[in-house]
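Colleague: Questions regarding the structure given below will be posed in turn.
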Amino acid sequence: MEQQPAISDYGFLSDSRSGALVGKDGSIDWWCPHRFDGAAVFGRLLDPTAGHFRLAPVGTGGPGHRVERAYRPGTLVLRTVHHTPHGSVAVTDALAAEVGARAHELGMNSPAVLIRVVEGLSGRVRMGLDFVPRPEYGLLTPYLHEQPDGGVLAGAGPVVLVLRAPGIRLRAGRDRVTQEFEISAGQVVGVDVAFGAAYGDPPARLDPVVALAETTQAWDAYRDVHGYSGRYPDLVRHSATVLTGLTYARSGAVAAALTTSLPERIGGDRNYDYRYSWLRDFSLTMRALWVAACPDEAARLFAWASRSIGRIGGQPVPVLFGLEGERDLSEHHCQHLRGYRDSWPVRIGNDAWRQRQLDVPGEVMSAVWRLRDYLGTPFEGELREMVLGLTEQVAATWHLPDRGMWETRDEERHYLSSKVICWLTLDRAVGLADRLGERADPQRWARVRDEIRETVLREGWNDRIGAFTGAFGSAELDASALTLPVAHFLPATDPRMRSTIAMVERELGTDGGLVRRWSTDAGGFLLCSFWLVECLVMAGEPERAEALFEQVVGYANDVGLFSEQIDLNSGEQIGNTPQALSHVGLINAAWRLTEPDSY
């Protein structure tokens with residue numbers, strides 16, 4: 001069986017409602033058109049039989065065939081140029097924006113249409129189209145019906161898809177559309193696939209060539225209302241565009257990644273569904289949006305989080321929610337899918353929502369602190385109740401063990417990073433007390449805050465190895481210790497932090513500039529690598545930090561996308577892609593290199 005493409009072979013398309021992955025070979029192997037965490041209609045990413053939509057020159061990958069591709073700057077409109085022995089052709093792919101959508105309207109009413117426009121550049125090239133829809137992650141094989149306008153309708157279960165190619169009469173096979181056509185220099189052919197619900201509005205109808213131009217204008221308008229004045233502007237702006245593409249515009253939530261179950265190790269079972277929004281990522285993402293986008297995105301993300309949390313009771317605040325605030329994300333396995341390169345199981349849902357993770361309130365409080373001047377004085381109503389509830393929950397529970405930021409699925413422990421963020425929660429609450437009314441208790445909060453700090457410094461430090469470790473009483477290094485200076489718990493110049501940074505760099509770092517989370521981690525975790533950049537800047541080593549930054553950004557694929565990790569043996573990207581936290585880490589590290597004292 002032909003091996004599935006490398007994860008880095010995929011480009012990312014988005015309409016800020018859903019996203020798709022298109023390979024260098026012209027095959028769209030992932031698209032969940034309803035929304036990011038909906039069911040896939042093209043799922044070959046996770047099983048060769050789970051559907052795809054290929055559009056490329058016949059014989060792609062053979063002798064004399066070469067591919068170049070790039071995004072139009074500031075957009076997620078991807079242009080792939082195929083050079084063949086018979087000529088050259090460009091295929092431009094996008095997910096359509098709503099007609100007339102501009103700036104922050106992008107994604108609010110996306111029509112759920114995949115656009116592919118073919119342009120002949122030279123010679124005469126024979127193109128192959130292979131449309132194999134398989135809704136519900138490949139469980140359904142639809143009936144195909146030729147339409148009077150030359151298109152093909154595919155319907156099964158809750159899904160309707162319509163494939164159109166104006167000027168070409170498409171012929172339906174039993175379960176796919178397989179067709180060839182020739183394109184000459186100067187000729188343009190548009191193709192689109194429109195999604196609709198079986199019992200809802202019919203799929204949108206549009207001209208793919210006109211829709212591509214409209215979509216490009218929508219992205220251009222979005223880019224024009226956002227600015228960034230720091231170092232590495234091209235890298236930062238592109239990462240900000242990727243974050244926009246991972247944002248579910250209707251709510252403002254940012255999906256952790258587009259995909260589910262891409263493995264941390266090929267053939268392994270640490271394969272999780274990342275198509276939801278994590279509160280743990282919240283403060284880091286807020287900071288990145290603040291730096292690289294504009295306050296509007298940060299404010300909408302905050303509003304989504306506060307609504308999702310709801311009234312705080314005795315139960316821990318979940319670490320993640322669905323994109324419209326759903327709490328129950330119970331996990332199940334897709335028994336019929338083989339997984340990417342036989343990495344099984346394939347998971348839908350994520351049971352981390354059930355875990356106790358003590359750092360979650362602190363991530364929200366950090367965001368409140370960043371937005372405090374926009375939230376008014378005093379805090380009113382639900383905002384005040386949320387801040388008080390988060391603070392009191394942490395004051396009452398900080399001493400408990402939890403699952404930690406890496407969401408371990410074994411026993412709970414007293415994780416260092418969790419305790420540090422508990423400290424941050426109470427520190428921010430003390431600073432916000434004058435906005436919280438008569439129920440604020442800053443003196444008590446300050447006593448608990450100081451107790452947490454003393455406990456972390458006493459129990460988190462391991463004198464034998466000369467470093468802060470991952471959990472109290474442990475001798476195991478963990479890259480999460482790099483968050484102490486980022487959270488302003490300890491300055492990076494503190495001798496204990498200098499020693500910890502040096503130990504992490506020596507024991508968990510690699511010659512290629514990557515940092516593993518722990519000693520047996522299968523790959524270099526890109527966010528941790530960017531944390532090390534920030535720590536080096538704050539420790540007064542900007543030249544080394546800059547060199548490391550430029551080394552790490554070199555792991556992006558040819559169109560500037562990062563997955564979660566990099567395999568230490570092959571150098572390939574592994575884990576879910578594109579990964580929001582990797583791009584967040586890049587933005588925050590670039591800003592730290594620009595403004596070393598930024599908060």
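The values are calculated or read from the model by the stated rules, or taken from the named source; none is laboratory data. No experiment lies behind these values; they were computed from the predicted model shown. With ideal geometry, Cβ positions are generated from the backbone for all residues, glycine too; neighbour counts draw on all protein chains shown. We work out accessible area using only protein heavy atoms, side chains counted, and drop any ligands, DNA or RNA first. Shrake-Rupley method; radii C 1.70, N 1.55, O 1.52, S 1.80 Å.
Colleague: If you scan region 338-371, which residues turn out to be of a type in the set (D, E, K, R) and either open to solvent by 10 Å² or more (accessible area, probe 1.4 Å) or closer than 14 Å to F321 by Cα (or both)?
Modeller: R338, R341, D342, R347, D351, R354, R356, E363, R370 - these are the residues of region 338-371 that are of a type in the set (D, E, K, R) and either open to solvent by 10 Å² or more (accessible area, probe 1.4 Å) or closer than 14 Å to F321 by Cα (or both).
Colleague: Additional query: In region 521-557, what residues are touching a strand residue (DSSP E or B) at 6+ places or on another chain (Cβ under 7 Å) and of a type outside the set (A, V, I, L, M)?
Modeller: Correct list: G523, G524, F525, C528, S529, Y555, N557.
Colleague: Please note which strands (runs of 3 or more DSSP E) are completely contained in region 153-198 and include at least 2 residues that are farther than 27 Å from H82 by Cβ.
Modeller: Output list reads 159-164, 188-197.
Colleague: Can I ask one more? Of all residues in region 36-67, which are of a type in the set (D, E, K, R), open to solvent by 30 Å² or more (accessible area, probe 1.4 Å) and either farther than 30 Å from H86 by Cα or without any contact (Cβ under 8 Å) to a residue 40 or more places away in the chain (or both)?
Modeller: R66
Colleague: Condition check: of a type in the set (G, A, S) and closer than 21 Å to L284 by Cα. Does A475 satisfy that? Spell out how you get there, then give the answer.
Modeller: Numbers: of a type in the set (G, A, S): yes; closer than 21 Å to L284 by Cα: no.
No.
Colleague: Pairs under 8 Å by beta carbon, first residue at positive phi in region 345-373, partner acidic (D, E) and part of a loop (DSSP other than H, G, I, E, B), six or more apart or different chains?
Modeller: G349/E331
Colleague: Spot the failing condition for A101; the list is (1) at pLDDT 95 or above; (2) surrounded by 24 or more Cβ atoms within 10 Å (Cβ to Cβ), and only one is missed.
Modeller: Of the numbered conditions (1) at pLDDT 95 or above; (2) surrounded by 24 or more Cβ atoms within 10 Å (Cβ to Cβ), the odd one out for A101 is (1).
Colleague: Are there any helices (runs of 4 or more DSSP H) wholly within region 481-597 with 1 or more residues that are within 21 Å of R231 (Cα to Cα) and in contact (Cβ under 8 Å) with a residue 12 or more places away in the chain, and if so which?
Modeller: In region 481-597, the matching helices (runs of 4 or more DSSP H) lie at 483-486, 526-538, 542-553, 580-594.
Colleague: Being among the polar types (S, T, N, Q) and closer than 24 Å to R237 by Cα is the filter; apply it to region 276-317 and report the residue that is modelled with the lowest pLDDT.
Modeller: My answer is S283.
Colleague: Here is a further query. Hey, could you check region 188-232 for residues that are touching a Pro at 6+ places or on another chain (Cβ under 7 Å) and farther than 20 Å from V118 by Cβ and say which is least open to solvent (accessible area, probe 1.4 Å)?
Modeller: Per the stated criteria, the residue is G196.
Colleague: With G138, G120, G157 as the choices, which residue is open to solvent by less than 10 Å² (accessible area, probe 1.4 Å) and modelled with pLDDT of 95 or more?
Modeller: Of the residues listed, the single one that is open to solvent by less than 10 Å² (accessible area, probe 1.4 Å) and modelled with pLDDT of 95 or more is G120.
Colleague: Here is a follow-up. Which residues, counting only those in region 514-547, are surrounded by 19 or more Cβ atoms within 10 Å (Cβ to Cβ) and more than 26 Å from S474 (Cβ to Cβ)?
Modeller: Across region 514-547, the qualifying residues are V537, A545.
Colleague: With the condition kept exactly as written, say whether any residue in region 6-29 is open to solvent by 10 Å² or more (accessible area, probe 1.4 Å), among the small types (G, A, S) and part of a loop (DSSP other than H, G, I, E, B).
Modeller: Among the residues of region 6-29, at least one is open to solvent by 10 Å² or more (accessible area, probe 1.4 Å), among the small types (G, A, S) and part of a loop (DSSP other than H, G, I, E, B), which makes the answer yes.
Colleague: Is it the case that V22 is over 17 Å from A257 (Cβ atoms), touching a strand residue (DSSP E or B) at 6+ places or on another chain (Cβ under 9 Å) and at pLDDT 95 or above?
Modeller: When the stated conditions are applied, V22 does not pass them.
Colleague: Taking region 250-289, which residues are among the β-branched types (V, I, T) and either surrounded by fewer than 24 Cβ atoms within 10 Å (Cβ to Cβ) or not in a loop (DSSP other than H, G, I, E, B) (or both)?
Modeller: Within region 250-289, V254, T260, I266, T285 qualify.
Colleague: Only one residue in T241, T247 is over 25 Å from N350 (Cα atoms), buried (at least 17 other Cβ atoms within 10 Å of the Cβ) and not small (G, A, S). Which one?
Modeller: After applying the criteria, what remains is T241.
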